[in-house]
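**Q** Here it is: the structure, laid out below.
Each reported figure results from applying straightforward, stated rules to the coordinates on display, with no laboratory input. Keep in mind that what you see is a predicted model, and the values were worked out from it rather than measured. Positions of Cβ are generated from backbone atoms using ideal geometry, with glycine treated the same way; all protein chains shown enter the neighbour counts.
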Amino acid sequence: MITHRLNLLPCYLISLLFATTFTSCMTSRQTASTLAKVANDNCAIDSSGTSGYVFHPVDLQPGSADDSLLRQRYGERGLRMAQAVGLTPLLVRATLLERQQTPDGPASNEYLTLRQKMTDQLQLASFDIATAVALVDCDSKRATLTATLLTRQENSREKAMTISAITTGALTALAVGMLKLGDHDNTGEWAGIGGGLLEAGLGITSLWQKPPRADYRHRRNPLRDIWVHSITSPVFPPLVWYYLNKPKSANTPPLVDALRSRWDILVSLDTEARQTRHRKRREVDYFGDGTFYTAEELTVRSTMLGQLATELQLMNNDLTILLNEIVRSSQKR
């Protein structure tokens, strides 16, 4: 009876090994199918168009009468946005009308008309900013989700290898024990050696396996125009592109230069990390049309997109500041 059970134990363990391997393969196929779908699910957002009514930028000449007039009434961030949207001529007229009004008197029809026109223009500008933010945010979430699925695929593969190694060790120990019980000591020793080699081989294979990659394409790449510092952008609305290329102040670089410097550091750190792990040097096409990405590389891309999204959201904040300054009475500044 005991011998019969001992004979059945290898069958149970072999069945467990095959069941585990089959389940892992099925899970891997399902993950790969979802991964391909997510990686190719490009964001169908068109942010290349903008309203001609919105984008007529008018720069203030430093030291001019208009510049001096508006800086007494508006802050630096508000004026920067006003120049991008093209409101500076309207702001000058409205400020002059404010000075002609008595503190307790009603506002003139001309002043109210100017204010309404400016708020309408700022509302249209907010739509362009929101569209650009949606494009970048969508790409960032797609990269994050793809990286998560790649990590899950890698973890599933490592789990299958670990279970296979444990099962191999158990089968080897059982085989050695049964052979020794049957007075087959030499055969048992060779079975132990073979099982140990197989278990070691599984461990080494798991250690040297390359991380899984996804074919991740981004033909409308929000990062590309900033990296190459192009004059115009087919991705961003002209209003947003103008704002990104305009310095925040006289002593600071444009946002595109600041972003490019941060991304250069991220790309360099990513390259150094791959070299430290003795992996073959491979250029990642972060700023092109796409390539095969690992989970780590997609995380780097998501980080860069997150930094860009933050700057676009700050742009929307500047627009809100300008709107508050327009509707607020000059006497309350």
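**Q** Taking the simple approach of a point 7 Å from Cα along Cα-to-Cβ for both Lys117 and Lys141, what is their distance in nm?
**A** Roughly 3.9 nm, to one decimal.
**Q** When ranked by the protection proxy of mean other Cβ atoms within 10 Å per residue, highest first, what sequence do the peptides 310-321, 78-89, 138-149 form?
**A** Ranking the peptides 310-321, 78-89, 138-149 by packing returns 78-89, 138-149, 310-321.
**Q** Contour minus end-to-end for Leu266 and Val228, with contour as 0.36 nm per residue of separation and end-to-end as the Cα-Cα distance?
**A** Full extension from Leu266 to Val228 adds 12.1 nm.
**Q** Could you calculate the contour length gain from Asp215 to Asp66, that is, 0.36 nm times the residue separation minus the distance between their Cα atoms, to one decimal place in nm?
**A** The span from Asp215 to Asp66 would gain 48.3 nm if fully extended.
**Q** Same structure again: Mind giving me the FRET efficiency for Val327 and Glu296? R0 is 51 Å, r the Cβ-Cβ distance, nearest 0.05 is fine.
**A** Rounded to the nearest 0.05, the efficiency is 0.60.
**Q** May I pose another question? Round to the nearest 0.05 the FRET efficiency obtained for Gln100 and Glu76 when R0 = 30 Å and r is the Cβ-Cβ distance.
**A** The calculated FRET efficiency here is 0.70.
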